[in-house]
Amino acid sequence: MKPIETLKIPPYSDKEQEEYIQQSIAELTAYVELQGEQDAHHDQPVNEAQLRAFVYNRIQVHIQSLIEDNQKRHLLTSGIAVAKKILADAKQKIAKLDAAIFDDRHKLPRLKRIGKETTSNVTKTNDSKWVKYARWVISATEGCYVFEVLRHSKIPAYTALFISASIAVAIGMSTHALAGWVKKAKSDGQMILRYCGVLIPAFIGFAVIGQMRADIYNQAVDLSAYTRQGTVPHTSPVSGWLFTSISFLLYLVVLGFSIKYHRDEEERKQERHFDEVSSERTAIEDGIEEKEQQKIAIDKEATELAARAVSEYEYASITEEHLTTLAKEVFEAYKDKNLRYRTDGLCPQFFSFPPPFQFKFYFLMLKNRNNENNTNANPAYAA
C-alpha cells in the first residue's frame, strides 16, 4: 500500500460547480456595478462605515455562501484524513486476505504429500482406463463378427443387431467381472482353476462363432467363383480355427490386462480419496489466486480513491483561494462604477484601504494546519 506522499495525484475538476460559481459571480458583479452607479449619483458611500456595511452585507455574504457550497460539495469525499481512512480500510482488508492466504497455503503441504503417496494408484487407474477402452473395442469387434454371422441366417436384421450388441456388452461386462473374480483368488492354484473356468467357456464360444464365420466365408468364396467360372473351385476351405484363434488370443490379452489392472475396493477408496484431495487442493489454489487478485484490485481501487480524495481536497482549497480573489474583483467592479459616476468627482480615501474580508474557510484552514504539523514534525521541511 503506497503512502499518501507517494500517490500520483490525478487532476480533479467539478464542471458543475465551476459553472455555478461563474454564473453566481456574474450575477453578483452585475448587481454591485448597478449599485455602485446608483450610490455614485448620491455621492455615496460617504464614509468607511457605509462601505464596510456594503462589503460585508452584500459581497462577503454572497461569496461566503459559495465557500459553504464548496464545503458541502467536497467535505465528505476529500481530504488527507479521508485518503488515510481509505488506505487504512484497504490495508485492513488486505491483511484479512493475507491471513486467509496464509491459512490456505499452510494446508497445501499436507495435500501435496497425500498426492505423492497416491501417485502410483493414480497411474494404475489411468492404465485401467486404457484397458477398459481396449476391452470395449474388442467386445464391439466380436459383436460385429456375430452380426456378420447372423446377418446371413434367416434372423431379421434388427434382431441380429440386437443379439450382436447384447453379446458385445456381455463380453465387455463379463470380462471386467471375471477379472476381479480371478484376481480375488487366495492361492496360485485357485487362480489357475478360476483362469481355466473363465477361458474354457470363452474358447468354446469363440470356436462356435469362428466356425460359423469360416462356413459363411467359404460359402461366399465358392459362390463368387461359381458366378465367375461356372464351376466350384477345388481350393482348401478356410478353417474355423483361424478366426477362433484370433478372437481367443485378443480376449486372452484383454483378460490378462484386466486382471493385472483390476482395482479392488481399497484401491477404489484410495482413488476417491485422491480425487477429493485433488479437488480440495485445486479449490485452495484457485482460492489463493482469487484472493491475490482481490488484493491487487483492493490496492488499486484504494490508491485511486485516496489519490482522488487528495486531488479533490487540493481542488477545494484552490477554489476557496479563487473565491477570495473573485471577492476582490467584485469589489473593484463596484469601486470602478462608483468612481466613474460620482457627481463630486472625488475619490474617497477609504476606497484605497477597503475593509478586509472575513471569510470562514475550511479547506484553507485545514491545509495551513497540515503544513504547520509537517513543519513541526520535520524542521528540515521548513528550511
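Test ASP344 against the criterion of being within 60 Å of the chain's Cα centre (by Cα) and of a type outside the set (Gly, Ala, Ser), and give yes or no. Show your work before the answer.
Values: within 60 Å of the chain's Cα centre (by Cα): no; of a type outside the set (Gly, Ala, Ser): yes.
Judged against the criteria, ASP344 is not a match.
Within the set ALA49, ALA100, the sole residue that is within 30 Å of THR343 (Cα to Cα), assigned to a helix (DSSP H, G or I), in the same structural domain as ALA306 (by TED's automatic domain parsing) and of a type in the set (A, V, I, L, M) turns out to be ALA49. Evaluating PRO356 against the criteria (1) out of contact with any Phe, Trp or Tyr (no Cβ under 9 Å at 6 or more places or on another chain); (2) in a helix (DSSP H, G or I); (3) not hydrophobic (A, V, I, L, M, F, W, C) leaves one unmet condition, (2). Residue pairs whose Cβ atoms lie under 6 Å apart, sitting 6 or more positions apart in sequence or on different chains, and linking a residue in segment 188-201 that is touching a residue at least 24 places away in the same chain (Cβ under 8 Å) to a partner that is part of a helix (DSSP H, G or I), are VAL198/LEU178. Being under 26 Å from LYS15 (Cβ atoms), touching a helix residue (DSSP H, G or I) at 6+ places or on another chain (Cβ under 7 Å) and among the aliphatic types (A, V, I, L, M) is a condition met by at least one residue of segment 331-354. Would you check if TYR145 is modelled with pLDDT under 75, among the hydroxyl-bearing types (Ser, Thr, Tyr) and in the same structural domain as VAL254 (by TED's automatic domain parsing)? So TYR145 passes the test. When GLY189, GLY205 are checked against the criterion of being of a type in the set (Gly, Ala, Ser), surrounded by fewer than 14 Cβ atoms within 10 Å (Cβ to Cβ) and at pLDDT 75 or above, a single residue qualifies: GLY189.
Is it true that ASN57 is in contact (Cβ under 8 Å) with a residue 24 or more places away in the chain, more than 13 Å from ALA333 (Cβ to Cβ) and in the same structural domain as ASN338 (by TED's automatic domain parsing)?
Numbers: in contact (Cβ under 8 Å) with a residue 24 or more places away in the chain: no; more than 13 Å from ALA333 (Cβ to Cβ): yes; in the same structural domain as ASN338 (by TED's automatic domain parsing): yes.
Taking the combined requirement at face value, the residue does not satisfy it.
Here GLU27 meets the list (1) assigned to a helix (DSSP H, G or I); (2) farther than 25 Å from GLU320 by Cα almost entirely, failing just condition (2). When segment 271-309 is filtered for residues that are at pLDDT below 85 and surrounded by 18 or more Cβ atoms within 10 Å (Cβ to Cβ), the ones remaining, listed by number, are PHE274, VAL277.
Checking the conditions here, which among SER139, SER166 is of a type in the set (S, T, N, Q) and surrounded by 16 or more Cβ atoms within 10 Å (Cβ to Cβ)? Going through SER139, SER166 in turn, just one is of a type in the set (S, T, N, Q) and surrounded by 16 or more Cβ atoms within 10 Å (Cβ to Cβ): SER139. Annotation for segment 162-185: at least one member residue is modelled with pLDDT of 80 or more, among the aromatic types (Phe, Trp, Tyr) and under 58 Å from the mean Cα position of the chain (by Cα).
The values are calculated or read from the model by the stated rules, or taken from the named source; none is laboratory data. All of these numbers come straight from a predicted model, not from anything done at the bench. In this analysis, Cβ positions are derived from the backbone assuming ideal geometry, glycine residues included, and neighbour counts consider all displayed protein chains.
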